[in-house]
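Single-structure report; data block below.
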Amino acid sequence: SVCKDTFFLFIISCANSDEPAHLKKTVTKDLNGHSSEIRGLTRNRQKNKSESKKPYPIKKQDQPAHLQSHSRTSRASQEKIWDNHLPNQSHVNPHPHPHPPRPSTPPPSPLFSEPWRTLPTSTQDNLNFLKSYQPRKKGVKHLRILLHGPVGAGKSSFINSVDSVLRGIVTSRAETDANTGSSFTLKYQTYKIQKDDQSFYSIVFNDIMGLEANLNNGVQVEDIKLALRGHVREGYKFKPNGSLTKNDPGYKSYPSLDDKVHVLVCVVPVDSISLLDDKVVQKLREVRLAASDLGIPQLAILTKVDRACPEVESNIHNLHKSKYLKGQVEQFSAMLGIPIKSIFLVKNYESEINTYDDINGPILTALRQMVTFGEDYLVTCVHSVDNSKLILLIFLSFLVLLFSYLILL
Ligand SMILES: Nc1nc2c(ncn2[C@@H]2O[C@H](COP(=O)(O)OP(=O)(O)OP(=O)(O)O)[C@@H](O)[C@H]2O)c(=O)[nH]1
Ligand SMILES: [Mg+2]
């Protein structure tokens, strides 16, 4: 029996002499117990498993010579290099599973199917409203609208656009400049708009120097705050490196309600909202806070819609259908805290030589809203005016009493 077993072992060993070591081990262990064989197969299976992760298990000697020589190249990079040398899989597999071609989905439309804001179809109603507008507050002749914003935003262009819409001819009274390196408007200037040969509209605009990121460039925030309270005289030339002081001839010490600003409008080009410098945004916020403290209503005009959106450039009717422009309105609202209902998209007159109803519509809608907000403000600021008059009256009475007393002495 011992001889028979030894002979069997000898035959098995000879039969496996050409096999790899790990298989030999398996067979030898087979004679010692079943579990040994399983352990060997498991190791074998594990090896196959790790190899099966790669599409093509490559032995080093099978690799091209130039790859074998890269002994110091990391394993990952070697695999990457080798992957580039793998045969074309479609060539290897003669029967690839054919994938049905995916139907190409058209890109989403840049326009909403319906406008998110509807404007009146006729501009006549707005024109009539503006023509007949008169401030109800006694002693106030004009509603004063101050425009502020970054350099080259289109502030002066907006004044020209309003002038053009209301007069029906393209005008260019407020000088504008295409080269917007630094502010083109340097003086504080009031623009009245002619209604007919004898009269003017009861709305005036104040143009101001543009805001810049640099502390010593552009209009000073303090100057805008002074303008809000009516302390800046007509024609005052802004000094970028210093704000207006009480001793300056451009400073108006006792402004009337007529001199004060009744509506503040922030003008920003819609195509550069996300590019606005943080410092400019900070200045815009400061001005907004100062106006809020004074109770002055605020609106915003987003200009250059034609430059920002090709669909609007080709057809201004798409103004409130453009998804991009609506997104910019929302972004601007979040940036400054101005509600969306107070932000208006506008295309200024800049290259046109005639006026068009399509361009007039958004300008008139924004202007009517400015007048409505401003009129509400004038009604509510009655008390502050009465108080200032009362103080003046008390002071004059005191002077008269003092004078009479001195005469009696
Ligand atoms: N395409 C287009 N261009 C505009 C629009 N509004 C203004 N512009 C142009 O933008 C440039 C600057 O406009 P201005 O009105 O001078 O800007 P501003 O805010 O007064 O600038 P500063 O006085 O320098 O602070 C001019 O060349 C205008 O023609 C608009 O709605 N569309
Ligand atoms: Mg200007």
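The values are calculated or read from the model by the stated rules, or taken from the named source; none is laboratory data. Bear in mind that the values here come from a model prediction, so they are computed numbers and not experimental data. A quick note on method: Cβ atoms are made from the backbone with ideal geometry, for glycine too, and the neighbour counts reach across all protein chains shown.
Residues are listed down the side, and each one gets a yes or a no for (1) at pLDDT below 95; (2) among the polar types (S, T, N, Q):
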| site | (1), (2) |
| --- | --- |
| Glu311 | no, no |
| Gln328 | no, yes |
| Tyr356 | yes, no |
| Leu367 | no, no |
| Val379 | yes, no |
| Asn387 | yes, yes |
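Taking the numbered list (1) modelled with pLDDT under 95; (2) within 12 Å of ligand 1 (Cβ to nearest atom); (3) of a type outside the set (Gly, Ala, Ser) in turn, Asp197 passes all entries but (2). Here are some residues: Tyr201, Tyr191. Which one is part of a strand (DSSP E or B) and in contact with an Asp or Glu (Cβ under 7 Å, 6 or more places away or on another chain)? Checking each option against the conditions leaves just Tyr191.
Here Ala178 clears all of (1) at pLDDT 85 or above; (2) of a type in the set (Gly, Ala, Ser); (3) within 12 Å of ligand 1 (Cβ to nearest atom) except the condition numbered (1).
Has the range 240-253 got any residue that is in the same structural domain as Tyr349 (by TED's automatic domain parsing), within 16 Å of ligand 2 (Cβ to nearest atom) and at pLDDT below 95? Yes.
For the range 221-230, the criterion of being more than 16 Å from ligand 1 (Cβ to nearest atom) and surrounded by fewer than 16 Cβ atoms within 10 Å (Cβ to Cβ) is met by at least one residue. In the set (1) touching a Pro at 6+ places or on another chain (Cβ under 9 Å); (2) touching a residue at least 12 places away in the same chain (Cβ under 8 Å), Ser333 fails one condition alone, (2). Could you list all residues from the range 125-159 that are part of a helix (DSSP H, G or I) and either closer than 13 Å to Ser202 by Cα or not acidic (Asp, Glu) (or both)? Selection gives Asn126, Leu127, Asn128, Phe129, Leu130, Lys131, Ser132, Lys155, Ser156, Ser157, Phe158, Ile159.
Each residue in the range 160-178 was checked for being in contact (Cβ under 8 Å) with a residue 60 or more places away in the chain and either assigned to a helix (DSSP H, G or I) or aromatic (Phe, Trp, Tyr) (or both), and 5 pass. Restricting the search to helices (runs of 4 or more DSSP H) fully inside the range 253-348 and requiring at least 3 residues that are basic (Lys, Arg) gives 278-294. Here Val346 clears all of (1) surrounded by fewer than 17 Cβ atoms within 10 Å (Cβ to Cβ); (2) closer than 27 Å to Lys225 by Cβ except the condition numbered (1).
Answer yes or no as to whether Leu294 is buried (at least 19 other Cβ atoms within 10 Å of the Cβ), of a type outside the set (Ser, Thr, Tyr) and away from ligand 2 (no atom under 16 Å from the Cβ).
No: the conditions fail for Leu294.
How many residues does the range 306-328 contain that are touching a residue at least 60 places away in the same chain (Cβ under 8 Å) and either more than 13 Å from ligand 1 (Cβ to nearest atom) or acidic (Asp, Glu) (or both)? Qualifying residue count for the region: 8. Put simply, of Pro115, Pro110, Pro120, Pro135 the only residue that is loosely packed, with under 15 Cβ neighbours inside 10 Å and either more than 22 Å from Val268 (Cα to Cα) or not β-branched (Val, Ile, Thr) (or both) is Pro120.
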